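Remarks on the structure that follows.
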Amino acid sequence: MIRNGRGAAGGAEQPGPGGRRAVRVWCDGCYDMVHYGHSNQLRQARAMGDYLIVGVHTDEEIAKHKGPPVFTQEERYKMVQAIKWVDEVVPAAPYVTTLETLDKYNCDFCVHGNDITLTVDGRDTYEEVKQAGRYRECKRTQGVSTTDLVGRMLLVTKAHHSSQEMSSEYREYADSFGKCPGGRNPWTGVSQFLQTSQKIIQFASGKEPQPGETVIYVAGAFDLFHIGHVDFLEKVHRLADRPYIIAGLHFDQYVSEVVIGAPYAVTAELLSHFKVDLVCHGKTEIIPDRDGSDPYQEPKRRGIFRQIDSGSNLTTDLIVQRIITNRLEYEARNQKKEAKELAFLEAARQHAAQPLGERDGDF
């Protein structure tokens with residue numbers, strides 16, 4: 001079990017309100033390609049109790065029931081551990097949630113979204129805990145899903161990052177992922193996720209910087225938030241004894257219709273407004289602003305700019321390559337399985353067509 005180290009108590013379980021026994025909540029899942037929907041599910045689950053334990057399935061279990069995951073189990077454990085509502089992570093959690101698992105970790109009930117999760121043989125993975133009345137449901141976040149995320153990623157061209165054309169392999173598999181039975185391509189439209197002030201408030205700490213805290217500003221698209229970003233933010237967090245980190249989320253500088261978002265250039269006004277002491281950026285390439293200027297020239301001029309090496313080589317482009325590789329392996333496995341089934345059926349047909357006395361094993 002991996003304990004989350006946040007808070008003064010070092011992540012230790014605290015009593016519930018009024019000194020009552022803490023209500024322990026269980027969630028489990030693949031948590032591959034972690035996105036806002038996963039975080040929102042865990043936020044809702046944590047609000048139902050006092051202590052949240054999250055079980056994460058192994059690569060082997062996921063491959064058996066759903067197909068190979070994009071991220072390794074170690075990467076997925078770390079991503080879930082980084083979500084602030086999670087108190088503990090249980091590696092290698094069973095794919096089917098049982099009463100035995102809830103009892104083993106002293107959990108009162110488990111929480112899942114209002115969508116059905118099935119095993120490879122079509123069984124509801126929460127059937128047992130539902131029947132025992134130890135299952136709670138939270139609202140599924142509309143407008144965001146792993147499938148949507150994968151589709152949009154595969155439409156991201158190499159030109160978006162390096163002014164090169166998308167390779168034929170990228171194009172072929174982006175197109176194949178974009179097909180659905182209804183004939184509609186779900187990836188060519190705008191995501192249906194709509195941010196609101198209420199949703200933002202639910203995820204914000206709401207605390208102002210306190211005297212003695214070091215205000216650190218980081219900015220980026222943080223597109224497809226992954227462990228490379230987590231490693232970067234962890235290292236930034238260690239730069240000061242009492243850090244107060246502000247993350248500016250800006251959109252692609254070439255999309256002119258976007259209104260909401262942090263400015264691409266870190267301006268003097270921004271630094272003064274937030275009283276920023278330090279500005280950090282990763283080791284990735286710093287793309288010039290529209291006018292060709294360095295977006296970090298002001299913090300560099302003030303001597304408060306620092307580049308941080310996250311130690312991770314994971315990029316969105318590498319993740320896309322993983323997805324394509326998994327798709328190819330999945331297709332090859334299915335083709336091999338279908339070939340075996342066809343060979344078996346053909347052998348059975350030929351056997352049945354033989355005269356009774358000529359069949360192997362007949363007398």
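For Val25, work out the one condition from (1) surrounded by fewer than 14 Cβ atoms within 10 Å (Cβ to Cβ); (2) more than 25 Å from Asp231 (Cβ to Cβ) it doesn't fulfil.
Failing condition for Val25: (1).
Among the residues of the stretch 214-243, write down those that are more than 14 Å from Thr315 (Cα to Cα) and either touching a Gly at 6+ places or on another chain (Cβ under 9 Å) or of a type in the set (Phe, Trp, Tyr) (or both). Reasoning before the result, please.
Going residue by residue through the stretch 214-243, those that are more than 14 Å from Thr315 (Cα to Cα) are 214-219, 233-243.
The answer is Tyr217, Val218, Ala219, Lys235, Asp241, Arg242.
Within the stretch 40-107, which helices (runs of 4 or more DSSP H) (wholly inside it) include 1 or more residues that are touching a residue at least 60 places away in the same chain (Cβ under 8 Å) and open to solvent by less than 30 Å² (accessible area, probe 1.4 Å)?
73-81, 99-104
Give me the residue from the stretch 269-306 that is part of a helix (DSSP H, G or I) and at pLDDT 95 or above and, out of that set, surrounded by the most Cβ atoms within 10 Å (Cβ to Cβ).
Pro299
Does any residue in the stretch 313-324 that is surrounded by 15 or more Cβ atoms within 10 Å (Cβ to Cβ) come within less than 7 Å, Cβ to Cβ, of a residue that is modelled with pLDDT of 80 or more six or more places away or on a different chain, and which pairs are these?
Hits for this filter: Leu314/His226; Leu314/Ile227; Leu314/Gly228; Ile319/Val70; Ile319/His226; Arg322/Val70; Ile323/Val70.
Being part of a helix (DSSP H, G or I), at pLDDT below 85 and either over 26 Å from the mean Cα position of the chain (by Cα) or more than 22 Å from Gln307 (Cβ to Cβ) (or both) narrows it down to one residue among Ile260, Ile200; which is it?
Numbers: Ile260 fails: part of a helix (DSSP H, G or I).
Matching residue, one of Ile260, Ile200: Ile200.
If only one of Gly212, Gly220, Gly228, Gly182 is out of contact with any helix residue (DSSP H, G or I) (no Cβ under 6 Å at 6 or more places or on another chain), modelled with pLDDT of 60 or more, loosely packed, with under 10 Cβ neighbours inside 10 Å and not β-branched (Val, Ile, Thr), which one is it?
Among Gly212, Gly220, Gly228, Gly182, only Gly212 is out of contact with any helix residue (DSSP H, G or I) (no Cβ under 6 Å at 6 or more places or on another chain), modelled with pLDDT of 60 or more, loosely packed, with under 10 Cβ neighbours inside 10 Å and not β-branched (Val, Ile, Thr).
The values are calculated or read from the model by the stated rules, or taken from the named source; none is laboratory data. Since the model is a prediction, treat every value here as computed from it, not as a measurement. Ideal geometry is used to build each Cβ from the backbone, glycine not excepted, and the neighbour counts take in all protein chains shown. Calculation scope for accessible area: heavy atoms of the full protein, side chains included, ligands and nucleic acids excluded. Shrake-Rupley method; radii C 1.70, N 1.55, O 1.52, S 1.80 Å.
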